[in-house]
1. Quick check on Gly135: is it under 15 Å from the mean Cα position of the chain (by Cα) and either in a loop (DSSP other than H, G, I, E, B) or farther than 22 Å from Gly73 by Cβ (or both)?
2. Answer yes or no as to whether Asp154 is among the acidic types (Asp, Glu), surrounded by fewer than 20 Cβ atoms within 10 Å (Cβ to Cβ), at pLDDT below 90 and in the same structural domain as Gly63 (by TED's automatic domain parsing).
3. When you go through Ala130, Ala105 one by one, which is the residue that is within 23 Å of Asp174 (Cβ to Cβ) and either in contact with a His (Cβ under 8 Å, 6 or more places away or on another chain) or buried (at least 19 other Cβ atoms within 10 Å of the Cβ) (or both)?
4. Can you pull out every residue in segment 137-175 that is farther than 27 Å from Ser97 by Cα and aromatic (Phe, Trp, Tyr)?
5. Could you tell me how many of the residues in segment 57-74 are of a type in the set (S, T, N, Q), in contact with a Pro (Cβ under 8 Å, 6 or more places away or on another chain) and surrounded by fewer than 16 Cβ atoms within 10 Å (Cβ to Cβ)?
6. Those residues that are buried (at least 16 other Cβ atoms within 10 Å of the Cβ) and either in contact with a helix residue (DSSP H, G or I) (Cβ under 8 Å, 6 or more places away or on another chain) or on the phi > 0 side of the Ramachandran plot (or both), I need them from segment 75-100; list them, please.
7. Hey, any hits in segment 19-39 for a residue that's closer than 14 Å to Ile162 by Cβ and at pLDDT 85 or above?
8. Can you name the condition, by its number, that Ser48 falls short on among (1) in a loop (DSSP other than H, G, I, E, B); (2) touching a residue at least 40 places away in the same chain (Cβ under 8 Å)?
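The values are calculated or read from the model by the stated rules, or taken from the named source; none is laboratory data. As the structure is a prediction and not an experimental result, all values here were calculated from the model. All Cβ positions, glycine included, derive from the backbone under ideal geometry; neighbour counts span all protein chains shown.
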Amino acid sequence: MVRWGYWEYYKPAKPKEVKNGIKAKSKRGEIGTTWWSKRWITVLESFSMGTRLTRGRTYARKGQVISIDVLGGIVKSKVQGSGSRPYSVTIRMDPISDADWEKVADVMASKAIFAAKLLAGEMPADIEDAFAEAGISLFPVKLKDLETDCSCPDWANPCKHIAAVYYLLAERFDEDPFLLFKLRGRTKEAIIDALRKRRVSDASAEGAEAEEGEVIKPLDECMDSFWEAGDALESFSMNPTRPEVEAAVLRRLGDAPFFVGKYNIAALLSRAYTVASVAALQRASGEGDGVDGVCDSRAWD
């Protein structure tokens, strides 16, 4: 300890080494690879937290964080510092209200690409717009939106232990974007269930509207022309492209209640759809007959 007038300055002690600690995957430069994890870090760094963020990043890379648990609106963590026992870290964000979550779900379900990407485990690039339309924010807007606490003796908040958890959360968000929603009070299952219900309801309504204005002849009145292409096909053109989300319908439906051996039928159908899609694109582009080089054993391994 060194005394400077009325102030006491403690030389920083090296943290105790942790075996099997959680280490950041990034060894240098940015932490986080997806746009949403980078957005998380950018927001935090915009709050001008000083050098403690830098020191926290060092802790994250050294593996000083022992555990991280993301619950509804709260993160619990243990971080080993220079003390004999790990410090307890708590990070809270106010959960979004049920009413506001309903508004967000309505917006997300109204745009098919939102639902498709989320059901495929991806975060849409403009997901923040859905929250903005509902009048709320997915990410913290100001430092006060994050209520943090650490059992260490450092008076600063956030301390380097809290900062280390911030950085490792970014990598957790990389692995599972739904953890970001969980931090705001909604589980992956709840979000997917809400989206599926809304998409099914919308599809039923669209089908009902189409049926009301459609005149359908009885089958026995059109047997002579049943197999004819019809005049409408003469002006019909196709320009198939790969979908933004592969097997979106299967992902939206989830696992089927049927198995072929140890494989769920949905997984097998997904592979079959991929093979059929590639073959169709090849044939449409004139690159081949749509079969050679597609249906080999690699597609089913």
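1. On the way: under 15 Å from the mean Cα position of the chain (by Cα): no; either in a loop (DSSP other than H, G, I, E, B) or farther than 22 Å from Gly73 by Cβ (or both): yes.
Against the criterion (under 15 Å from the mean Cα position of the chain (by Cα) and either in a loop (DSSP other than H, G, I, E, B) or farther than 22 Å from Gly73 by Cβ (or both)), Gly135 does not qualify.
2. yes
3. Just one listed residue meets the conditions, Ala130.
4. Trp155
5. Residues of segment 57-74 that are of a type in the set (S, T, N, Q), as a first pass: 58, 64, 67.
Still in the list and also in contact with a Pro (Cβ under 8 Å, 6 or more places away or on another chain): 64.
Now narrow it down to the ones that are surrounded by fewer than 16 Cβ atoms within 10 Å (Cβ to Cβ): none.
Selection size over segment 57-74: 0.
6. Passing the criteria: Val75, Ser77, Val79, Gly81, Tyr87, Val89, Ile91, Met93, Ile96.
7. Of the residues in segment 19-39, the ones closer than 14 Å to Ile162 by Cβ are none.
No, because not a single residue in segment 19-39 is closer than 14 Å to Ile162 by Cβ and at pLDDT 85 or above.
8. (2)
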